Each structure stands twice: as structure tokens, then as C-alpha cells.
1. Tell me what the chain gives for mean residue ellipticity at 222 nm when only DSSP H runs of n ≥ 4 count, each as -39,500 (n - 2.57), the sum divided by the residue total, rounded to 500 deg cm²/dmol.
2. Sorted from largest down, give the three principal axis spans of the alpha carbons of the stretch 182-271, whole angstrom values.
3. Quick check on the stretch 16-96: what are the equivalent-ellipsoid semi-axes from the Cα gyration tensor, as sqrt(5λ), descending, whole Å?
4. Determine the per residue accessible area of the chain with all protein chains present and a 1.4 angstrom probe, expressed in square angstrom.
5. Using the C-alpha gyration tensor of the chain, what are the square roots of 5 times its eigenvalues, in whole angstrom, with the largest one first?
6. Test of understanding: what is the full-extension gain from R123 to R271, defined as 0.36 nm times their sequence separation minus their Cα-Cα distance?
7. Over the Cα atoms of the stretch 107-166, compute the convex hull volume and normalise it per residue, giving Å³.
8. Of all the accessible heavy-atom surface of the chain, with the other protein chains kept in place and a 1.4 Å probe, what percent is carbon and sulfur?
Amino acid sequence: MAPGVGGLPDSTVVRARSALFDVFGGHLRQRDGSATIAALVRLLEPLGFGAPAIRTAVSRMVRQGWLTPVRLHEGPGYALTGRGQRRLDEAGARIYRTGLSTWDGRWHVVALGEPPPRVARERLASSLRLLGYGPLGSSTWVSPRPSAELSEVLAAEGLTARVFHGPQDGSDAELAAEAWDLTGLGEAYRGFLAAWAPVMSAVDGSDPAEAFAASQRLLHAWRKFLFVDPGLPVELLPADWPGAAAAELFDTHTARLAPAVTEFLDGCLRRGGKQRSTA
């Protein structure tokens with residue numbers, strides 16, 4: 001990774017919409033999935049965003065069906081829609097590797113009917129990769145596990161598909177290597193380690209706002225692997241897989257900075273930005 005702003009990796013340059021997804025998925029989803037707009041502005045201030053950028057990004061996420069306006073006790077706010085909750089729950093399970101059970105040897109196969117036009121095909125490919133599917137040819141996609149969002153993604157493009165879930169004849173490791181560029185992915189993980197180990201080691205957690213910003217930038221960089229890494233079981237991966245060391249780096253620094261991050265988050269929410277009461 002090349003240096004970015006202030007000597008940090010390029011992946012630290014976060015867009016407002018991506019930052020909001022990270023905040024909702026990494027923090028607010030566990031706190032009822034809603035916050036006032038004032039709290040969102042305060043939360044993202046350490047990342048360099050002003051109120052206009054946050055409001056514009058929020059409006060876009062409302063139009064796209066990820067957020068919905070709500071009236072909170074503390075003022076106007078926004079909550080995750082059902083679609084937003086499903087997307088962030090599934091992404092969170094892969095980011096934090098929760099809920100991923102031992103692979104049972106079966107593949108989830110999606111065989112598209114009629115291929116969509118080019119623009120829709122590119123959009124579909126991006127969505128399927130995010131859900132953990134890899135291509136086998138132009139119309140067939142596979143994943144080590146089913147996605148709850150698959151039918152929604154296909155319906156959004158007006159597509160039909162035949163879906164199978166079962167074992168295949170032949171080498172599963174060879175099938176994985178065909179559907180995903182594991183060599184390139186391994187190099188990306190090595191780049192992540194080289195770029196982020198020194199950056200995160202320099203953050204001591206004494207400044208809650210700094211810890212929050214560093215943690216969010218790390219999360220943003222790590223989340224990008226969702227588009228290229230389906231979370232393959234270890235038996236399908238090359239020996240000495242660098243993704244394991246990269247995951248350990250992410251987990252270690254996320255846990256180390258968690259107390260300071262929580263302190264910053266609680267402070268922002270107490271100052272007029274709490275979530276809806278569940279009482």
C-alpha cells in the first residue's frame with residue numbers, strides 16, 4: 001500500500017458514507033442501530049468530516065434504503081432499516097469472524113438464468129463478491145456458505161437463478177483457487193500487515209478521540225477484504241496463509257483500543273445523541 005494522507009496508508013482515506021456504515025455496523029448496531037444526527041457528526045469529527053458531508057451521506061443512505069429517519073428523545077435521528085441490519089449483521093459476522101462454523105464440505109452454487117446487461121452484470125458481480133461468492137465462468141457463482149441476502153440481490157436486478165447446496169466431485173482446493181485469486185489475496189494481506197502494524201502500534205489509547213479514529217481507519221481498511229475474501233475454510237487455503245496474521249493484527253488492536261473507543265462513543269452519545277430507548 002502506498003502512503004496516503006499524513007503518511008498513513010491510502011486505505012485510511014475514508015468516505016463519509018463508508019465511515020457511517022462502519023460506525024453503524026461496528027458500534028451502533030449493538031446499541032439499537034440508531035443515533036441523532038448531532039451524535040453522528042460528533043462521532044465522525046475525528047475522521048475529518050464536517051456536518052454537511054455527514055448530512056449528505058446520510059441522505060444518500062436513506063435514498064438507498066439503508067437508513068430511515070426517526071424521531072428520538074434527544075432530537076432528529078436515523079435508524080437502520082431491516083435491509084441495513086441484515087447487511088451489517090452478515091458483514092459483521094465475517095469482519096469479526098463470529099458465527100462462521102466449521103465447513104461441512106458443501107458449496108452454495110448459483111447458476112444464473114439469462115446473463116444481465118453489462119452495467120447490471122458489473123453491479124451484480126460486486127454484490128455477489130460482497131456476499132462471499134466467487135465466479136466459475138460468466139454465469140455460475142459459488143460460496144462456502146449460503147447468504148441470506150442472495151434472493152434480495154437477485155430480485156433487485158430482476159434475475160432468476162438455480163441454486164444448489166452440496167459437495168462437488170474433485171478437489172475443493174482447486175475449485176477455490178479457480179473462483180478466487182488466492183495469490184493476489186495473499187499479497188494484499190501481506191501489504192495490510194506491512195502498512196498497519198507500525199501505524200496501530202503508535203496509537204497508545206490515551207486519547208479516546210484518537211483511538212476511535214485509528215480504530216475506524218483500521219476497520220475501514222480491514223472491511224475492504226470483504227469484497228475479495230469469502231472467508232474460506234482453512235483446509236482450502238495455501239499453507240502459511242497471511243490472512244491469519246492479518247486477522248490477528250486487526251483483532252489485537254481492536255480489542256486493545258476498545259476501552260478508549262467506548263469512552264469516546266459514550267461521550268458523544270451522552271451529549272444529545274443517545275439511541276432510542278428500548279423500554
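The values are calculated or read from the model by the stated rules, or taken from the named source; none is laboratory data. As the structure is a computational prediction, the values presented were derived from the model and not from experiment. Using ideal geometry, Cβ is built from the backbone for each residue, glycine included, and neighbour counts are taken over all protein chains shown. Surface areas here come from the heavy atoms of the whole protein model, side chains and all, with no ligands, DNA or RNA. Shrake-Rupley method; radii C 1.70, N 1.55, O 1.52, S 1.80 Å.
1. -16000 deg cm²/dmol
2. Result, largest extent first: 48, 23, 17 Å.
3. 18, 14, 12
4. 49 Å²
5. Three semi-axes, in Å: 33, 24, 16.
6. Residue separation times 0.36 nm, minus the Cα-Cα distance, leaves 49.3 nm.
7. 69 Å³
8. 53 percent
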